[in-house]
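Trainee: A single structure is presented below for examination.
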Amino acid sequence: MVALKFKGFKLYSYKIRLKRTLKLKSVSIDSREGLILKIFDDGGNCGFGEIAPLPGFSRENLEEAKSQTIQICNSLKKPLSLQQPEEINSAMKDFPGDVYPSVSFGVASALLILSADRRNISLSELLNKNCSGSLEVNALLSGSKEEILTSLAHIKESNYGSVKLKVGSRDLSEDIDMTRKVSEQLGESMNLRLDANRSWSLEQAATFHSQTKDCRIEYIEEPVSNSSELQELLADSSLAIPVALDETLTEIEISDFKNFSSASALVLKPTLLGLEKTISFAGLAKAQKIACVFSSSYESVLGLSIIAQLAAANSINSACGLDTLGIYADDSYLKLFPVKNGRIEMKNIAVIDKQFESLPLTEI
């Protein structure tokens, strides 16, 4: 292959209106904002990435991410062949200082997709010649009791295999009641996942578990308020609560995982973890035979498709958290990332170029 050189980049901002206000920890948003990075070489090949810090969860804000993305991309203007994924990791490590997770995901993704474009293959094929051709996704239940039960009926008709219910924002007794109702409606044909977003104390988590033991719960994401309490919960064999790690993964390094090795699943969000850390945790999960769930942080359709390709490259057989485009007021994005019968067929995902052109972009 001819050694093509990095030529330049363009950076765009987007702002997409939501159907309704989205509550994220201490903040609420009515629109999703982010950046789209387009890089190109002197052979006309392109790569794309998305940088979209999630308010309330990311440690960096959008302005900080924009500034660092420009700095890193300017540093890449030196002669760089970028023929292999490992060279791309090396290029990122050459940048001095701490790279924000959302920037790591966006810039590294763009460089990898550029490398894939040179070969006329997909990102998932670049990373794994034996990548998966389809992915199962879980449906998301949120809102009022009435909204949840109405959504549940539609989800069952749509043949999803897994459902995720948000808990922790109601009184504990209401969460218990809702979980039992949803579990009863799902029966034995669908998996139930819960996401507590660190809302409970150890005592509340134990109470919830004791009153929902007969429900078929696959796991509970982050049931308690911090990683120290989570270690304590995982060490209590009398409880045997199936726990999934989410926010905890943003706080620990790979070497720290030994303290959480009895977890049932890892929820990997590349925007919050960065690309290198995401891939490292995916490899660890595979080695230890722990369920691995690639998940969205409410990215645009472009970022979502990149996460799907990462999941396909890692041959994920656990339902992914990628059915999130329904939050946007513009339903046309659903056509670019179709979910049918609870699955995404990778061949049906619109090409990155088309997704890029569909977004409301302003060049920076």
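Trainee: Count charges around Ala265 for me, please; just the other residues with Cβ under 12 Å from its Cβ, Lys/Arg as +1, Asp/Glu as -1.
Mentor: Counting the neighbours of Ala265, the net charge comes to -2.
Trainee: Which of rounded, prolate or oblate describes the stretch 316-356 when judged by the alpha-carbon gyration tensor and an a/c cut-off of 1.5?
Mentor: Details: a/c = 2.04, a/b = 1.28, b/c = 1.59.
It comes out oblate by the Cα gyration axes.
Trainee: Which residue, Asn159, Asn138, Asn197, has the most motion in a Gaussian network model of the chain that connects Cα atoms within less than 10 Å?
Mentor: Its mean-square fluctuation being the largest, the pick is Asn159.
Trainee: Pairs of Cα atoms under 8 Å, at least six residues apart: use those to get the relative contact order of the chain, whole percent. Display every interim value, and only then the final one.
Mentor: Numbers: 671 pairs, mean separation 74.4, N = 364.
So the answer I get is 20 percent.
Trainee: Another question, if that's okay. Work from the charge dipole of the chain (Cβ charges, +1 for Lys and Arg, -1 for Asp and Glu, about the Cα centre) and give the residue of Gly143, Phe105, Leu37 farthest towards its positive end.
Mentor: The one lying farthest along the dipole's positive direction is Leu37.
Trainee: A further question follows. As I understand it, the dipole of the stretch 134-355 uses +1 on the Cβ of Lys and Arg and -1 on the Cβ of Asp and Glu, about the Cα centre. Which of Gly283, Ile349, Ser296 lies farthest toward its positive end?
Mentor: Ile349
Trainee: Using a cut-off of 11 Å between beta-carbons, work out the net charge of the residues near Leu54 (Lys and Arg +1, Asp and Glu -1, Leu54 not included). Before the final figure, lay out each step's value.
Mentor: Numbers: positive: Lys25, Arg32, Arg59, Lys269; negative: Glu33, Glu60, Glu299.
Counting the neighbours of Leu54, the net charge comes to +1.
Trainee: For the peptides 106-118, 318-330, what is the packing order when you average, over each peptide's residues, the other Cβ atoms within 10 Å and list the highest mean first?
Mentor: Numbers: 106-118: 24.9, 318-330: 20.0.
The densest-packed peptide leads the list: 106-118, 318-330.
Trainee: In addition: How much length, in nm to one decimal, is gained on full extension between Ile29 and Ser262, taken as 0.36 nm per residue of separation minus their Cα-Cα distance?
Mentor: 80.4 nm
Trainee: Rounded to the nearest 0.05, what FRET efficiency do Gln71 and Ala235 have when you use their Cβ-Cβ distance and R0 = 56 Å?
Mentor: 0.85
Trainee: Separate question: May I ask which residue of Ser237, Ser183, Ala205 lies farthest towards the positive end of the charge dipole of the stretch 161-246, with charges of +1 (Lys, Arg) and -1 (Asp, Glu) on Cβ and the Cα centre as origin?
Mentor: It is Ser183, whose Cα lies furthest towards the positive end.
Trainee: Same structure, new question: Mind ordering 298-309, 182-193 by average Cβ neighbours within 10 Å, highest first?
Mentor: Ranked by mean Cβ neighbours within 10 Å, highest first: 298-309, 182-193.
Trainee: For the chain, give the magnitude of the charge dipole about the Cα centre (Cβ charges: +1 Lys/Arg, -1 Asp/Glu; no others), in debye to the nearest 20.
Mentor: 920 debye
Trainee: Now for a different question. Using a 10 Å cut-off on Cβ atoms, rank the peptides 257-269, 224-236, 144-156 from the highest mean neighbour count down.
Mentor: Output ranking for 257-269, 224-236, 144-156: 257-269, 224-236, 144-156.
Trainee: If you don't mind, there's one more thing I want to ask. Which FRET efficiency value, to the nearest 0.05, is calculated for Ser332 and Glu188 with the Förster distance at 56 angstrom and r the Cβ-Cβ distance?
Mentor: So, using R0 = 56 Å, E works out to roughly 0.95.
Trainee: What full-extension length gain, to one decimal in nm, is calculated for Ser255 and Arg20 as 0.36 nm per residue of separation minus the Cα-Cα distance?
Mentor: That pair, Ser255 and Arg20, stretches by 80.6 nm at full extension.
Trainee: Taking every DSSP beta bridge that has both residues in the chain, what percent is antiparallel when rounded to the nearest 5?
Mentor: Percentage antiparallel, nearest 5: 55.
Trainee: Which stretch or stretches of the stretch 60-75 have amide N atoms under 17 Å from the point lying 7 Å from Thr362's Cα along the Cα→Cβ direction?
Mentor: Residues passing the 17 Å test: 62-67.
Trainee: Treating the beta-carbon of each Lys and Arg as +1 and of each Asp and Glu as -1, no other charges, what is the dipole magnitude of the stretch 302-364 about its Cα centre, to the nearest 20 debye?
Mentor: 300 debye
Trainee: Compute, for the stretch 159-299, the length of the dipole vector about the Cα centre, with Cβ point charges of +1 (Lys, Arg) and -1 (Asp, Glu) only. Units Debye, rounded to 20.
Mentor: In debye, rounded to 20, the stretch 159-299 gives about 460.
Values quoted throughout were computed directly from the atomic coordinates according to the rules given, and no laboratory measurement underlies them. All figures in this text were calculated on a predicted structure; none of them were measured in a lab. Glycine also receives a Cβ, built like all others from the backbone with ideal geometry; neighbour counts cover every protein chain displayed.
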